[in-house]
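Chemist: Below are the structure tokens for one structure; questions will follow.
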Amino acid sequence: MTPEELSAAIRAALTAAVEAGDLTIEVPAEIRVERPKQKGHGDWTSNISMQLAKPAGMKPRDVAGVIAARLEATEGIAEIEIAGPGFLNLTLDAASAGELARSIVETGATYGHNEAMAGHTINLEFISANPTGPLHIGHTRWAALGDSMRRLLVASGADVTAEYYINDAGAQMDTFAASVLARAKGEPTPEGGYPGAYVDDLAATALRARPDLLELPEADALAAARQLGYEAQLQDIRDTLEDFGVFFDVWFSEKELHDRGAVEGAIARLREQGHVDDRDGAVWLRTTDFGDDKDRVMVRADGVPTYFAADAAYYLDKKDRGFPEKIYLLGADHHGYIGRLKAIAACAGDDPETAIEIRIGQLVNLGGAKLSKRAGNIIELRDLISWIGSDAVRYSLARYPADSPLSLDGEELRKQTNDNPVFYVQYAHARTFNVARLAAEDGIDRSAGFDPSLLSDPTEAALLAALGDFPRIVAFAAELREPHRVARYLEGLAGHLHKWYDTCRIRPRSDEEITDTHRTRLWLNDATRQVLANGLDLLGVSAPERM
């Protein structure tokens, strides 16, 4: 019996009790069952009795008693205990619990998927680094967590568009163009320009594309250097992210936002909403009307739009593209953006509590990492991938909450020991694959027999319970936007697997006949492999067959 089936059984019991007049309530559409925090409290527990006590006008334990009386005849439930103020603690019989193994194997890669976020249409923006240099360690955290968040939301039924906002407008791009052109001419980097050998590479690329670059008038040469250098650097960013397993549905250009008049259009729309003032020769948005600490300038007195005006135009563009929910994943230096972005949503007529969500990721410190030879003053993401490996970097970033500062040891992440969490989980997956391979050599065919009642060892009960909890973990991690919950779950699952492996033999001894016990345990082994693979995939980490 799966957790979903158990929830359905409780709902059916409630429906029957209402129809019989034992309860006067509206039966909830969703009833959650969870793993109990303490051993001895059954396989699953639910607090539904306490949720329904007030509307039923009864004590929680009395509501639990009504539910328990109708659950007693449910096939697969061995014991029902009413505990504490009214918890329903449910113990499944071995056969019912063991049936989950076959269900997981048959469900395959979609086991764990759920509908908790169904009906949500979300624009998820993350990384959004300037296209003036390579991605570095400062961008790495949201690259890993943002992509894992996207995977979790999709697995939970949401319609998600992953978006990269290209900051390709403003003075920084003029400085970038001047830096590329100077290196193409063999001149030093201009004051305040971009240093690093990567600019030499961009200049060489520009010269190959435009052999006449240095013969052009200065203004035309700068424009060409800007465009060609930008295209090459943006491609480098795309390639690096692809190597990191991160892909975007939309690459949105800030320059294009300006070029098509969207910034001016946004100001006009917000003016119509009654939130724009003209003061001291500048154009202001009254964000203090909605909790911001000060009003924000949209157009300076010299007529130049601010970055904030582009932020407002970008928000409205997302809204116009049909995204009622917008998630922004921003860096540690963006705390001040929370109030102003929520105020933009409110000025646009949206509910800032539901239309926009801003997450701030804290800094990552990686011990042992070397500064980039190309960039000179940063730790490049491509160097981290080469040194540590994409899997180790992604997993290590995924297993901690984004809002906590993080210090990692690069050499520790390279070690192939059980002290390294990513190795520990990946090794568990490889072990299940090796077990299945050796079982096949022994002639064990799982399709020839399956008796879930044989999965009666305490380590099997614990492993099955952990497997059954996976869909809830996925849904909860998606709801809270916390991929680290999946990582920590996988480490616990790997621990249950190793204990079971040490206790229960899957392969027969040399003089032992193959029985349904071996075959049924192979089902459990393969179910565990599937859940480990599914969980690692949600984190963008590979599930190796051998290690």
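The values are calculated or read from the model by the stated rules, or taken from the named source; none is laboratory data. What you are looking at is a predicted structure, and each value in this text was computed from that prediction instead of being measured. Because the Cβ atoms are built from the backbone with ideal geometry, glycine has one as well, and the counts that use them run over all protein chains shown. Remember, those area values only see protein heavy atoms, side chains included, never the ligands or the DNA or RNA. Shrake-Rupley method; radii C 1.70, N 1.55, O 1.52, S 1.80 Å.
Chemist: Just to check your reading of the model, which residue among 470, 476 is open to solvent by 10 Å² or more (accessible area, probe 1.4 Å) and either closer than 20 Å to residue 394 by Cα or among the hydrophobic types (A, V, I, L, M, F, W, C) (or both)?
Modeler: 476
Chemist: Which residues, counting only those in region 311-354, are in a loop (DSSP other than H, G, I, E, B) and farther than 24 Å from residue 140 by Cα?
Modeler: Correct list: 321, 322, 323, 324, 348, 349, 350, 351.
Results for (1) closer than 30 Å to residue 362 by Cα; (2) open to solvent by 20 Å² or more (accessible area, probe 1.4 Å); (3) part of a loop (DSSP other than H, G, I, E, B); (4) among the hydrophobic types (A, V, I, L, M, F, W, C), shown as yes or no for each residue.
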{"site": "97", "(1), (2), (3), (4)": "no, yes, no, yes"}
{"site": "117", "(1), (2), (3), (4)": "yes, no, yes, yes"}
{"site": "122", "(1), (2), (3), (4)": "yes, no, no, yes"}
{"site": "130", "(1), (2), (3), (4)": "yes, yes, yes, no"}
{"site": "163", "(1), (2), (3), (4)": "yes, no, no, no"}
{"site": "179", "(1), (2), (3), (4)": "no, no, no, no"}
{"site": "186", "(1), (2), (3), (4)": "no, yes, yes, no"}
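Chemist: When the residues of region 1-20 are filtered to those that are at pLDDT below 90 and open to solvent by 70 Å² or more (accessible area, probe 1.4 Å), which remaining residue is farthest from the chain's Cα centre (by Cα)?
Modeler: Top of the filtered list is 5.
Chemist: Restricting attention to region 132-145, which residues are of a type outside the set (Ser, Thr, Tyr) and assigned to a helix (DSSP H, G or I)?
Modeler: Listed by number, the residues that qualify are 137, 138, 139, 141, 142, 143, 144, 145.
Chemist: Same structure, new question: Quick check: anything in region 266-285 more than 30 Å from residue 204 (Cα to Cα), at pLDDT below 95, outside any loop (DSSP other than H, G, I, E, B) and among the polar types (S, T, N, Q)?
Modeler: No; the residues of region 266-285 include none that is more than 30 Å from residue 204 (Cα to Cα), at pLDDT below 95, outside any loop (DSSP other than H, G, I, E, B) and among the polar types (S, T, N, Q).
Chemist: Among the numbered criteria (1) over 30 Å from residue 201 (Cβ atoms); (2) open to solvent by less than 60 Å² (accessible area, probe 1.4 Å), which one does residue 110 miss?
Modeler: (2)
Chemist: What do you reckon, is residue 23 open to solvent by less than 20 Å² (accessible area, probe 1.4 Å), within 27 Å of residue 94 (Cα to Cα) and either in contact (Cβ under 8 Å) with a residue 24 or more places away in the chain or in contact with a His (Cβ under 7 Å, 6 or more places away or on another chain) (or both)?
Modeler: So residue 23 does not fit the description; no.
Chemist: Count, please, the residues in region 58-67 that happen to be closer than 12 Å to residue 10 by Cα and either touching a Gly at 6+ places or on another chain (Cβ under 6 Å) or assigned to a strand (DSSP E or B) (or both).
Modeler: The qualifying residues number 1.
Chemist: Which pairs do you get when a residue that is farther than 13 Å from residue 1 by Cα and outside any helix (DSSP H, G or I), found in region 455-470, comes within reach of a residue that is small (Gly, Ala, Ser) and open to solvent by 10 Å² or more (accessible area, probe 1.4 Å), reach meaning Cβ atoms under 8 angstrom, with the pair 6+ apart or on two chains?
Modeler: 455/94; 455/97; 455/461; 456/94
Chemist: Go through the residues of region 495-512 one by one and say whether even a single one is more than 23 Å from residue 436 (Cβ to Cβ), open to solvent by 10 Å² or more (accessible area, probe 1.4 Å), assigned to a helix (DSSP H, G or I) and modelled with pLDDT of 95 or more.
Modeler: No.
Chemist: While we're here: Only one of 145, 135 is more than 15 Å from the chain's Cα centre (by Cα) and closer than 17 Å to residue 242 by Cα; which?
Modeler: Result: 135 is the single residue among 145, 135 that is more than 15 Å from the chain's Cα centre (by Cα) and closer than 17 Å to residue 242 by Cα.
Chemist: Across region 227-273, what is the number of residues that are over 25 Å from residue 321 (Cβ atoms) and of a type in the set (Ser, Thr, Tyr)?
Modeler: Total meeting the criteria: 1.
Chemist: Suppose we filter region 355-379 for residues that are outside any loop (DSSP other than H, G, I, E, B) and closer than 30 Å to residue 315 by Cα; how many remain?
Modeler: Qualifying residue count, region 355-379: 7.
Chemist: Look at region 218-266 and say how many of its residues are without any contact (Cβ under 8 Å) to a residue 60 or more places away in the chain and polar (S, T, N, Q).
Modeler: Counting residues in region 218-266 that are without any contact (Cβ under 8 Å) to a residue 60 or more places away in the chain and polar (S, T, N, Q) gives 2.
Chemist: Whether any residue in region 192-204 is exposed (fewer than 13 other Cβ atoms within 10 Å of the Cβ), modelled with pLDDT under 95 and part of a loop (DSSP other than H, G, I, E, B) is what I want to check.
Modeler: yes
Chemist: Would you pick out the residues in region 268-296 that are open to solvent by less than 50 Å² (accessible area, probe 1.4 Å) and within 34 Å of the chain's Cα centre (by Cα)?
Modeler: Hits for region 268-296 are 270, 285, 287, 292, 295, 296.
Chemist: Name every residue in region 34-57 that is part of a loop (DSSP other than H, G, I, E, B) and either out of contact with any strand residue (DSSP E or B) (no Cβ under 7 Å at 6 or more places or on another chain) or at pLDDT 90 or above (or both), in order of residue number.
Modeler: 37, 38, 39, 40, 47, 57
Chemist: Turning to a different aspect of this structure: In region 68-86, how many residues are over 21 Å from residue 40 (Cβ atoms) and assigned to a helix (DSSP H, G or I)?
Modeler: Number satisfying all stated conditions: 2.
Chemist: How many residues are open to solvent by 20 Å² or more (accessible area, probe 1.4 Å), in contact (Cβ under 8 Å) with a residue 40 or more places away in the chain and not aromatic (Phe, Trp, Tyr) if we restrict to region 297-316?
Modeler: Of the residues in region 297-316, 1 are open to solvent by 20 Å² or more (accessible area, probe 1.4 Å), in contact (Cβ under 8 Å) with a residue 40 or more places away in the chain and not aromatic (Phe, Trp, Tyr).
Chemist: Among the residues of region 318-350 satisfying the criterion of being closer than 14 Å to residue 269 by Cβ, in contact (Cβ under 8 Å) with a residue 12 or more places away in the chain and open to solvent by 20 Å² or more (accessible area, probe 1.4 Å), which is nearest to the chain's Cα centre (by Cα)?
Modeler: My answer is 319.
Chemist: Could you please give the count of residues in region 388-411 that are open to solvent by less than 60 Å² (accessible area, probe 1.4 Å) and outside any strand (DSSP E or B)?
Modeler: 16
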